[in-house]
1. Considering the options A231, Q246, F295, tell which one lies farthest towards the positive end of the dipole of region 216-296, charges being +1 on Lys and Arg and -1 on Asp and Glu at the Cβ, about the Cα centre.
2. Given the rule -39500 (n - 2.57) for each run of at least 4 DSSP H residues, summed and divided by the residues of the chain, what is its mean residue ellipticity at 222 nm, to the nearest 500 deg cm²/dmol?
3. Under 5 Å between amide H atoms, partner at least 5 residues away or on a different chain: which partners does V448 have, H built in plane at 1.01 Å?
4. Just to compare against my own numbers: the Cα pair-distance distribution for region 325-410, 5 Å bins, whole % per bin, please.
5. For the chain, with the dipole built from +1 on Lys and Arg beta-carbon atoms and -1 on Asp and Glu ones, taken about the Cα centre, which of V134, P556, L524 lies farthest toward the positive end?
6. Over the alpha carbons of region 253-396, what is the largest minus smallest coordinate on each principal axis, giving the biggest first in Å?
7. Please report the antiparallel percentage of DSSP beta bridges with both residues in the chain, rounded to the nearest 5.
8. Apply the Karplus parameterisation 6.51 cos²θ - 1.76 cosθ + 1.60, with θ equal to phi minus 60°, to every residue of region 596-612 and state each ³J(HN,Hα) to the nearest whole Hz, in sequence, with x for glycine and proline.
Amino acid sequence: MSEKSQETLSNLLKEARRFPPPAELAESANVTAAAYEQASADRLGFWAEQAERLEWSKPWDEVLDWSDPPFAKWFVGGELNVAYNCVDRHVEAGLGARVAYHWEGEPGDTRTITYAELQREVAKAANALVELGVEKGDRVAIYLPMIPELPISMLACARIGATHSVVFGGFSAEALRTRIDDAQAKLVITADGGYRRGKPSALKPTVDAAVERTPSVEHVLVVRRTGEDVARHDRDVWWEDVVERQSEEHAAQPHDAEHPLYILYTSGTTGKPKGILHTTGGYLTQTAYTHHAVFDLKPETDVYWCSADIGWVTGHSYIVYGPLANGATSVLYEGTPDTPHQGRWWEIIERYGVTLFYTAPTAIRTFMKWGDDIPARSDLSSLRLLGSVGEPINPEAYVWYREHIGAGRTPVVDTWWQTETGAIMISPLPGVTAGKPGAAMKPLPGIVADVVDDQGAPVPNGGGGFLVLKEPWPSMLRTVWGDDERFVKTYWSRFPGVYFAGDGAKRDEDGDIWLLGRVDDVMLVSGHNISTTEVESALVSHPKVAESAVVGATDPVTGQAIVAFVIPRGSAGEEVEGDDFAAELRNHVAHSLGPIAKPRQIMIVPELPKTRSGKIMRRLLRDVAENRGIGDVTTLADSTVMDLISQKQASAK
Ligand code: 6R9
């Protein structure tokens, strides 16, 4: 990166606020500053110690085999069963009566599942899979709503050594078909439908359409959730017929530490989706450790809630595997945050006494937009820690989250990681770190990350560049399913010998790390690199702005020009239409970041295009900003959003 652009970056995000850990939390924290020293003195020894959180049927011979990089083997020779570790061992330890999940359906139906019950359900499902001819090493596609059968199905697969591939319930038949086909899945587990926004939303027709052209699929196992009519095919079998009558006993066999646990597809911006492969021992070790360390989980007393969809990696690692490995009590909620009203999530927190809460910046910004009075109606005093994941959290959103949800007392942990990393990599430690709003801070103990320039040289404090991971980590992806070459090319070729995350980052004067969004989203304006994140954060710091998305559009003069899409906050909507508001915002950005970052154009919009995991699809906004037809919208959470934005654009012309 040029000197000029580094200078620009260091002008940005001047954030002086600091939030040290509450004294009580610091005193009793699961992990203290000593962990950093221990891990840097002996990284592999540190991870070996963390692996001891699990029960191994056969001990490993070697912690890491890195003789054929970038193909890693962790805990070589070790054997364990993931489902046994997540469920049975807690029951054997006398904790069968502990609640694993407080499940709540969107219509308000509830189910409390203890570890003992989870053990019985997983055993029955595992027996059913065996009866349906699923064998160790086979792939099973799972396309379910957020109902208990989803984690139960995942654990049943893990138990028998079948590799699961969970596909988001919102994806189209074509998206589902390509994923089933790529993995050559033998079985698809689905439901008639789920509930979204107060209505049944069918899933089975999508599966029917997808499996018309997937010859690998032998059976479709269907859970009845909504009771709506569905077509029946010869390949269909019903959960209530096949699973319910099975024995509640199933002897778990140990699997190799490197046995494939799951495939999860990441869409990426171009090309066919990549099947990210995670394996058994290292994955469970790092999800369990990070859940213990970052959320300071005290399994006897905490009630933990991660609001993500299990179809996203966050749900795999922090609703299913990490929390269950630690014997946590979690909330599992099926639906949307505004059904039947915008206070639904806060009522859930009050009802179950949630102490640890993990959500995404997109949700936080939505709540800011809905207004402060909504969370204020619920008693949120049980909360003691808040987490964020999925995108950079804007400083304003961080502070709002801490104030309005955490009553100004709770630490906020901003956790950076990816589908590919499998578990949290960069995050504050809640009992150690004085948090800075907007910064993911430091790599966790045992993780080696850096920010490098385009030559791969580390940037000094105050500099910006690319985020890389310099040493292998236990929960790292092992390859792209069926495509080792793509694995090497995508992640390990940009800089020799290190993992390229594809994210821009900066190191501040204290050496702490700030994430600046995907490298593909960085804008080049008159020769200056400007990150979309920083301009968005400047916009969100204006009192009348709830959310914003910024893109670089081709410009004859400056190369790229900044175009911002803005959603006004709360009741500001009516007052803010018009050129005056746009001018005010352009000046506000120029004032916060410098004139170079002043947007060329600001569009006031009602919504932004987002994926189901809440990431803004800037690619589509770039199409609008450059007056092109809109590209592929199949992975949008709500595909009507682009129509609203295009109409705005047309009426502004
Ligand atoms: C867990 C997850 C990965 C991408 C990642 C980055 C962005 C996630 C972030 C963050 C800044 C954070 N991202 N967490 N950016 N701060 N705390 O989101 O996985 O869906 O694969 O996305 O998300 O750009 O590269 P995934």
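1. F295
2. After summing the helix terms and dividing by the residues of the chain, the value is -8000 deg cm²/dmol.
3. The list, which skips near neighbours in sequence, is K470, E471.
4. Result returned by the calculation: 3, 14, 26, 29, 19, 7, 2, 0.
5. Result: P556, furthest along the dipole toward the positive end.
6. Principal extents (Cα only, largest first): 51, 43, 29 Å.
7. Roughly 60 percent of the DSSP beta bridges within the chain come out antiparallel.
8. Values per residue, Gly and Pro as x: 4, 8, 5, x, 6, 9, 10, 10, 8, 10, x, 8, 10, x, 10, 6, 4 Hz.
The values are calculated or read from the model by the stated rules, or taken from the named source; none is laboratory data. Not measured: the values here are computed from a predicted model. Don't worry about glycine lacking a Cβ; one is built from the backbone with ideal geometry, like all the others, and counts go over all protein chains shown. All accessible areas refer to the heavy atoms of the entire protein, side chains included, with ligands and DNA or RNA removed. Shrake-Rupley method; radii C 1.70, N 1.55, O 1.52, S 1.80 Å.
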